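Novice: Pasting a structure below so you can have a look.
Rule-based calculations on the coordinates, nothing more; no lab input. This is a predicted model, so every value here is computed, not measured. For neighbour counting, all protein chains shown are included, and Cβ atoms are generated from backbone atoms with ideal geometry for every residue, glycine included.
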Amino acid sequence: MSSTASTSIPRWFWLAAGGALIWNLIGVMTYVVSVTMSADAIAALPEAEQRLREATPAFVTSAYAIAVFTGTFGAIFLLLRRNWAVPAYSISLVALLVQFGYMFLAMNSIATTGAVSAILPAIIIIIGLLMLRFAHSARRKGWLR
């Protein structure tokens with residue numbers, strides 16, 4: 001019997017990994033809705049948000065996709081108890097930082113949408129950091145193989 005097979009995994013690990021999967025699937029759905037918005041739906045947005053959408057470079061949208069999809073894979077890898085969770089969450093976090101960093105620093109989106117618009121991105125980055133830490137911890141404890 002291998003050491004990882006004999007390592008007891010607590011229930012909260014499965015709850016956290018399952019919650020991470022749900023969280024990331026919500027991110028995937030949000031991304032899909034964002035990139036498939038109809039012209040009418042975009043026209044219904046406030047003018048400032050329409051200008052931000054138009055000014056957003058393709059690499060920022062790509063970073064958004066990379067962040068949500070690699071985060072989803074990270075959660076799946078956690079549920080499968082695979083070490084690949086750590087690099088998946090690392091890539092997801094870097095993509096989040098590129099996406100939000102550009103939006104807030106280069107595009108100064110806070111000036112357009114207000115300081116309150118930074119709350120959700122801050123929460124998303126914090127959760128990304130926590131999930132990466134969780135994956136590292138699970139690997140150190142022998143829960144991932």
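Novice: Stretch Leu79-Ala111 to full length: gain in nm at 0.36 nm per residue minus the Cα-Cα span? Mind showing how you got there, number by number?
Specialist: Numbers: separation 32, 0.36 × 32 = 11.52 nm, distance 4.02 nm.
So the chain would gain 7.5 nm between Leu79 and Ala111.
Novice: OK, next. Once the dipole of the chain is set up with Lys and Arg at +1 and Asp and Glu at -1 on Cβ about the Cα centre, which of Leu78, Pro121, Ala67 lies farthest towards its positive end?
Specialist: The residue sitting most towards the positive pole is Leu78.
Novice: Another question about this same structure. Hey, any idea what Rg/Rh is for region 99-145, computing Rh the Kirkwood way over Cα pairs?
Specialist: Values: Rg = 15.4 Å, Rh = 12.4 Å.
Radius of gyration relative to Kirkwood radius: 1.25.
Novice: A further question on this structure: Might you report the magnitude of the Cβ-based charge dipole of the chain about its Cα centre, with Lys and Arg at +1 and Asp and Glu at -1, to the nearest 20 debye?
Specialist: On the way: 10 positive and 4 negative charges, 206 e Å.
Once rounded to the nearest 20, the dipole reads 980 debye.
Novice: In degrees, nearest 10, range 0 to 90: what is the angle between the Cα axis of helix 119-140 and the longest Cα principal axis of the chain?
Specialist: 20 degrees
Novice: What do you get for Rg/Rh over the chain if you use C-alpha atoms and the Kirkwood form of Rh? Walk me through the numbers before you get to the answer.
Specialist: Working: Rg = 17.6 Å, Rh = 16.4 Å.
Rg/Rh for the chain comes to 1.07.
Novice: A further question follows. When Lys and Arg each count +1 and Asp and Glu each count -1, what net charge do the other residues less than 14 Å away from Ala55, Cβ to Cβ, add up to?
Specialist: -1
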